[in-house]
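Inspection log for the structure reproduced underneath, given as structure tokens.
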Amino acid sequence: MIRIAIQSKGRLNEDSIRLLSEAGMKIEESRRKLLTPAEGFPLEVLYLRDDDIPQAVADGVADIGIVGLNEVEERDRDVEIVRRLGFGKCRLSLAIPKEEDYQGPGWFEGKKIATSYPGIVGRYFREKGIKANIETIAGSVEIAPSVGMADAIFDIVSSGGTLVSNGLKEVEKVLFSEAVLIGNRSLTEEKRGLLSQMTFRFEAVERSRGMKYMLMNLPSDKADEAVRILPGMKSPTILPLAQEGWCSLHAAVREDELWTKIGQLKGIGAEDILVLSLEKTIW
Ligand code: PRT
Ligand code: ZN
């Protein structure tokens with residue numbers, strides 16, 4: 001049995017549960033307690049606030065966890081970052097009132113910076129040799145400059161909309177973050193084995209994201225050209241059809257290239273093109 005800590009509610013909760021479920025580890029949400037067993041894998045799920053997840057994993061209260069890299073860096077606990085998970089993407093940035101003239105990080109010398117991430121921004125200023133006053137506040141950081149609590153802020157930015165609506169501009173991007181899978185450093189042999197089975201499944205899920213499976217009929221003498229258009233995982237599968245001179249071609253394609261590839265394949269005579277969603281890709 002391995003225990004994973006995930007965010008109990010908030011931005012990472014849904015995507016964490018979806019990832020587990022797509023990897024064959026279903027959590028019965030209706031029977032949800034602080035600690036809930038998953039179906040389909042020897043896994044139990046511990047629901048915590050994201051702030052507490054790095055420490056829970058470092059102390060072994062949970063064996064592994066899913067949390068923003070920003071929280072891992074801020075808490076500075078000794079945990080292993082097993083892999084990036086590709087969701088919850090954001091950045092931690094310094095922002096100042098938009099009318100200020102900004103020439104570089106020297107602007108922050110002697111200034112007051114409001115943030116919920118004093119650890120990360122403190123390290124940044126130390127590395128740059130800048131002395132700034134860091135004011136730790138728990139929430140609504142973005143309003144601090146307009147109410148006179150601070151000269152600037154250091155906060156999470158995603159679209160940038162919150163900064164704009166508070167009259168601020170982003171001037172330094174300090175950390176790029178996303179959800180990461182973290183692990184305790186002294187897992188037993190058994191738990192290491194379970195973790196590697198989990199990461200194998202996560203890889204398969206991630207690899208299939210944004211991929212489609214295509215089937216089509218093609219004149220057999222165009223098969224070589226089609227192979228050049230569709231490199232696929234090794235190469236496309238080509239099967240003869242009952243009708244003389246025709247074949248069926250199967251291949252996995254990246255979704256962002258789908259329409260270009262379809263255009264090229266139609267151009268060499270492909271017909272009856274089917275596009276299916278791809279659930280898992282195991283290599
Ligand atoms: O209750 P708990 O402590 O568990 O949750 P929380 O309130 O501390 O965190 P939560 O659920 O808001 O965020 C969890 C994690 O999601 C963060 O630690 C980040 O790793 C990640 N994440 C991704 C974000 C955002 N995007 C995000 N946009 N976290 C917060 N924001 C906020 C940000 O604070 C700011 O107020 O969104 C606003 C900025 O968004 P834009 O789009 O206007 O720039
Ligand atoms: Zn939090």
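Cross-link partners of Lys261 among lysines, defined as those whose alpha carbon lies under 24 angstrom from its own and excluding same-chain residues fewer than eight positions apart: Lys212, Lys222, Lys234, Lys280.
The trypsin sites (Lys or Arg not before Pro) of the range 1-62 that meet both conditions, a loop assignment by DSSP and at most 10 other Cβ atoms within 10 Å of the site Cβ, are Lys9, Lys33. A simple rule links phi to the HN-Hα coupling: the Karplus curve 6.51 cos²θ - 1.76 cosθ + 1.60 with θ = phi - 60°, which for the range 147-163 gives 9, x, 7, 7, 8, 7, 10, 10, 8, 6, 10, 10, 7, x, x, 4, 4 Hz, with x for Gly and Pro.
Using a ≥ b ≥ c from the Cα gyration tensor of the range 160-230 (square roots of the eigenvalues), is it rounded, prolate or oblate, where a/c under 1.5 gives rounded and otherwise the larger of a/b and b/c decides, a/b for prolate? In terms of gyration-tensor shape, oblate.
The amide H of Ala132, built 1.01 Å from its N in the peptide plane, has Gly110 as neighbours under 5 Å, considering only residues 5 or more places off or on other chains. Secondary structure note: in the chain, about 75% of the DSSP beta bridges are antiparallel.
List the trypsin sites (Lys or Arg not before Pro) within the range 210-278 that fall in a DSSP loop (any state other than H, G, I, E or B) and whose Cβ has at most 11 other Cβ atoms within 10 Å. Walk me through the numbers on the way to the answer.
Details: sites: Lys212, Lys222, Arg228, Lys234, Arg254, Lys261, Lys266; in loops: Lys234.
Hits after loop and neighbour filter: Lys234.
Does the range 90-177 classify as rounded, prolate or oblate by the C-alpha gyration tensor (a ≥ b ≥ c root eigenvalues; a/c under 1.5 gives rounded; else a/b over b/c gives prolate, otherwise oblate)? Numbers along the way, then the final one.
Values: a/c = 1.28, a/b = 1.19, b/c = 1.08.
Rounded is the answer for the range 90-177, as its axis ratio a/c remains below 1.5.
Using 0.36 nm per residue and subtracting the Cα-Cα separation, the extra length available between Asp256 and Arg32 on full extension is 76.9 nm.
With +1 on each Lys and Arg Cβ and -1 on each Asp and Glu Cβ, and nothing else charged, work out how big the dipole of the chain is about its Cα centre, in Debye to the nearest 20. Intermediate values should be presented prior to the final figure.
On the way: 38 positive and 44 negative charges, 42 e Å.
For this selection, approximately 200 debye.
Can you give the direction-averaged projected area of the convex hull of the alpha-carbon atoms in the range 1-132, in nm²? Don't jump to the answer; show the numbers that get you there.
Values: hull surface 39.5 nm².
About 9.9 nm², averaged over all directions.
In terms of distances greater than 32 angstrom between alpha carbons, the cross-link table entries Lys9/Lys173; Lys33/Lys173; Lys26/Lys173 yield Lys33/Lys173; Lys26/Lys173. In order along the range 243-255, the phi-based Karplus estimate (6.51 cos²θ - 1.76 cosθ + 1.60, θ = phi - 60°) of 3J(HN,Hα) comes to 6, 3, x, 10, 9, 10, 10, 10, 7, 8, 9, 5, 4 Hz; Gly and Pro are listed as x. For the range 163-201, trypsin sites (Lys or Arg not before Pro) are listed when DSSP marks them as loop and at most 15 other Cβ atoms sit within 10 Å of their Cβ; the list is Arg185.
Starting from the coordinates of the alpha-carbon atoms of the range 211-277, obtain the Kirkwood hydrodynamic radius over all distinct pairs and give the value in Å to one decimal.
Details: mean 1/r = 0.0861 Å⁻¹.
That comes to 11.6 Å for the range 211-277.
Would you be so kind as to identify all helices of the chain, as entire DSSP H runs, whose Cα atoms reach 20 Å or more along the helix's own axis and whose mean Kyte-Doolittle hydropathy is at least -1.0?
Working: long enough: 189-208 (29 Å, -0.82).
Those that clear 20 Å and a mean of -1.0 are 189-208.
Counting neighbouring Cβ atoms within 10 Å and putting the fewest first, the residues Ser235, Ser177, Ser21 line up as Ser235, Ser21, Ser177.
Exposure proxy check: Val67, Val141 ranked by fewest other beta carbons within 10 Å?
Values: Val67 30, Val141 24.
The fewest-first ordering by Cβ neighbours comes to Val141, Val67.
Does the chain come out rounded, prolate or oblate by the C-alpha gyration tensor, with a ≥ b ≥ c the root eigenvalues, rounded set by a/c under 1.5 and, if not, prolate when a/b is larger than b/c and oblate if not? The partial results should precede the final answer.
Details: a/c = 3.00, a/b = 1.61, b/c = 1.86.
Oblate.
Taken together, the values in this text are just the output of simple stated rules run on the coordinates, not laboratory data. What you are looking at is a predicted structure, and each value in this text was computed from that prediction instead of being measured. Note that we place each Cβ from the backbone using ideal geometry, even for glycine, and neighbour counts take in every protein chain shown.
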